[in-house]
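Comments concern the structure below.
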Amino acid sequence: MMRKKNLIWLAPLFIGFFGGYFLFGVSPVKTIIIGEKQFQVEVADTPKQRALGLGGRENLCEDCGMLFDFEKEGEYVFWMKDMRFDLDIIWIRNRKIVYIAKNVSFSSPEILRPDVLSDSVLEINAGLSERYNFRVGDMVE
């Protein structure tokens, strides 16, 4: 009997999380660690989530970010469409930083095209990569 109660209690949580994710595109949250710094990041892993990114938001908490997780390595371009705050954008390949665009202005019309292969890209608040001394080659957990 105890087992059924536990399952009944867990069912709404399961439905709420996965239903919200699949129906409304709510991103799962993941922890990313670079050096000593830990970030709680939303994962953008669908075309719709990737296209929207952080666009339209007013801000991002200090220890938050968005991770764009791609199925395969490629040369991924980013832009600041509909952004309202500046970012540091970090390209990652095989859990190592391969390129960092620092202090990218929210009003920049530039399309960022680093000449590197990556399998994910992390967006965090502008200035944090410099504050925490992130460098190309740093491991990302």
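The values are calculated or read from the model by the stated rules, or taken from the named source; none is laboratory data. Here the structure is a predicted model, which means the values were calculated and not measured. FYI the Cβ positions are ideal-geometry reconstructions off the backbone, even for glycines, and counts take in every protein chain you see.
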Odd one out for K5 among (1) surrounded by 10 or more Cβ atoms within 10 Å (Cβ to Cβ); (2) at pLDDT below 95; (3) not polar (S, T, N, Q) = (1)
message = For region 41-69: of the residues being farther than 21 Å from R131 by Cβ and either in contact with a helix residue (DSSP H, G or I) (Cβ under 6 Å, 6 or more places away or on another chain) or in contact (Cβ under 8 Å) with a residue 60 or more places away in the chain (or both), which is surrounded by the fewest Cβ atoms within 10 Å (Cβ to Cβ)?
response = G53
message = If I ask for residues that are surrounded by fewer than 21 Cβ atoms within 10 Å (Cβ to Cβ) and either among the basic types (K, R) or not in a loop (DSSP other than H, G, I, E, B) (or both), which ones from region 108-118 would you list?
response = L112, R113
request  = Report, by residue number, each residue of region 95-141 that is among the polar types (S, T, N, Q) and over 21 Å from E36 (Cβ atoms).
outcome  = N103, S105, S107, S108, S118
task = Could you identify the single residue in V121, V136 that is on the phi < 0 side of the Ramachandran plot, in contact (Cβ under 8 Å) with a residue 12 or more places away in the chain and surrounded by 16 or more Cβ atoms within 10 Å (Cβ to Cβ)?
result = V121
task = Tell me, yes or no, whether region 34-46 has at least one residue that is modelled with pLDDT of 95 or more, closer than 17 Å to A126 by Cβ, aliphatic (A, V, I, L, M) and in contact with an Asp or Glu (Cβ under 8 Å, 6 or more places away or on another chain).
result = yes
request  = Report whether or not D82 is under 25 Å from P28 (Cβ atoms), part of a loop (DSSP other than H, G, I, E, B) and either of a type in the set (D, E) or in contact with a Pro (Cβ under 7 Å, 6 or more places away or on another chain) (or both).
outcome  = yes
